[in-house]
Structures are given as C-alpha cells and as structure tokens.
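Below you'll find the structure, written out as structure tokens, and then a few comments.
The values are calculated or read from the model by the stated rules, or taken from the named source; none is laboratory data. These numbers come from a predicted model, not from an experiment. Glycine also receives a Cβ, built like all others from the backbone with ideal geometry; neighbour counts cover every protein chain displayed. Note: areas computed on protein heavy atoms with side chains; ligands, DNA, RNA excluded. Shrake-Rupley method; radii C 1.70, N 1.55, O 1.52, S 1.80 Å.
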Amino acid sequence: MKVVVASAIISVATVVSAAMMSGNIDFKKQNVVKTDSGHVNLGEVYSEQGVVDVELRFIDDKSQVFSLKNLPRGSYQSSIDEKIQSLLDEYNKGKAEDKQITKDSLTFKVPYSLTLQSHTMYMTENIPSYDLILDKKTINFDKDTVVYKSISDATNQFMKDNDKSYAATYFIKEH
C-alpha cells in the first residue's frame with residue numbers, strides 16, 4: 001500500500017513538473033483589466049500612470065481652441081494654466097495695458113465645450129503600451145462665461161469624480 005501511495009505521489013509530481021516546464025501551468029501573478037469588450041491580461045505591470053486629456057472647442061464651428069493629452073493626474077492644472085496663459089499672451093501682444101485681458105476676465109463671444117477623458121496608461125509584460133479609457137465627458141458652456149474658472153472647476157470636479165476609477169485600475173500600490 002505504501003508503495004502505491006508513493007508511486008502516485010511521484011507520478012503526480014512528475015506530471016505537474018512537466019506541465020510547469022512546458023508552460024501549461026504558470027504560477028506568476030497575472031494582472032487582468034476588465035473592459036467593456038472583455039478582459040485584458042497585462043502580465044507583469046512595469047509602470048502605470050493615471051492621466052487626463054483636456055480639449056477645448058467652440059461649439060458653433062467645432063474649431064479647436066486647444067488640446068492637451070496625457071496630463072499626469074497630479075499636475076494637470078499647471079499645463080492648463082500654461083495653455084491659457086499662452087492664449088492670453090497671444091491675444092494681448094501689442095495691446096495697451098488697459099486693453100489687455102487676464103485669465104480671470106477671459107471670456108469667449110460664442111459657446112464652447114470642454115471634453116475631458118480620464119485613462120490609465122500601462123507599460124506591461126504582455127502588452128508593452130496599453131491605454132485603458134476610464135471616463136469621457138463633454139461639458140458645454142455659454143458665451144461670456146469666464147473660461148479659466150469654468151475649465152478649472154470642471155476639470156477638478158471630473159478628476160475628483162474619477163478618483164475611485166483610477167485607484168481601481170492600479171496594480172502597483174505605491175500611488
């Protein structure tokens with residue numbers, strides 16, 4: 001009886017070893033992302049970053065005022081500030097000081113829309129560069145609305161609303 005049990009143990013160990021060597025059994029941790037169209041096996045995640053895209057357009061002719069892509073979660077506001085400042089610098093160039101506008105007084109004479117998109121970008125073992133879209137939202141603003149305040153408030157609220165979505169997509173726990 002002891003010989004049969006020992007033989008069975010050795011046989012099972014041999015089969016499991018062979019399966020592991022052939023790659024049919026893998027004990028590595030697999031990082032899997034759930035999407036609307038199925039699951040994505042990322043394998044080992046080397047890096048991940050929560051980012052946001054910000055796009056400002058005029059509603060009437062759909063012309064783009066500016067577009068900022070892949071802004072890091074923690075420092076998106078400074079990029080928006082720089083873009084607004086560059087618009088102001090361009091507008092104010094050559095104007096008398098009393099005719100210049102500031103970010104607190106910048107308005108448009110036509111309605112405009114702000115499109116925000118949150119996503120997590122991964123560098124992984126199985127898919128070298130993978131971009132997971134979390135949320136997308138377009139907000140319309142009336143003419144004569146203060147641009148800087150409306151964009152800042154909407155973007156800050158959007159990022160706050162997406163905090164849990166970002167956290168749920170992180171595999172590296174040092175964020």
Could you please tell me which pairs satisfy a Cβ distance under 8 Å, a separation of 6+ or placement on different chains, a first residue in the stretch 101-125 that is of a type in the set (Asp, Glu), and a second residue that is open to solvent by 50 Å² or more (accessible area, probe 1.4 Å) and in a loop (DSSP other than H, G, I, E, B)? GLU125/GLU44
Per-region count, the stretch 145-169, residues at pLDDT 95 or above and not in a helix (DSSP H, G or I): 3
Residue pairs qualifying under the 7 Å Cβ cut-off, at least six apart or on distinct chains, with the first in the stretch 41-56 being on the phi > 0 side of the Ramachandran plot and the second being among the polar types (S, T, N, Q), are GLY43/GLN30; GLY43/ASN31; GLY43/THR124; GLY43/ASN126
Quick one: in the stretch 99-122, of everything that is assigned to a loop (DSSP other than H, G, I, E, B) and of a type outside the set (S, T, N, Q), which residue is farthest from ILE133 (Cα to Cα)? ILE101
Could you tell me how many of the residues in the stretch 56-78 are crowded, with 16+ Cβ neighbours inside 10 Å and among the aromatic types (Phe, Trp, Tyr)? 2
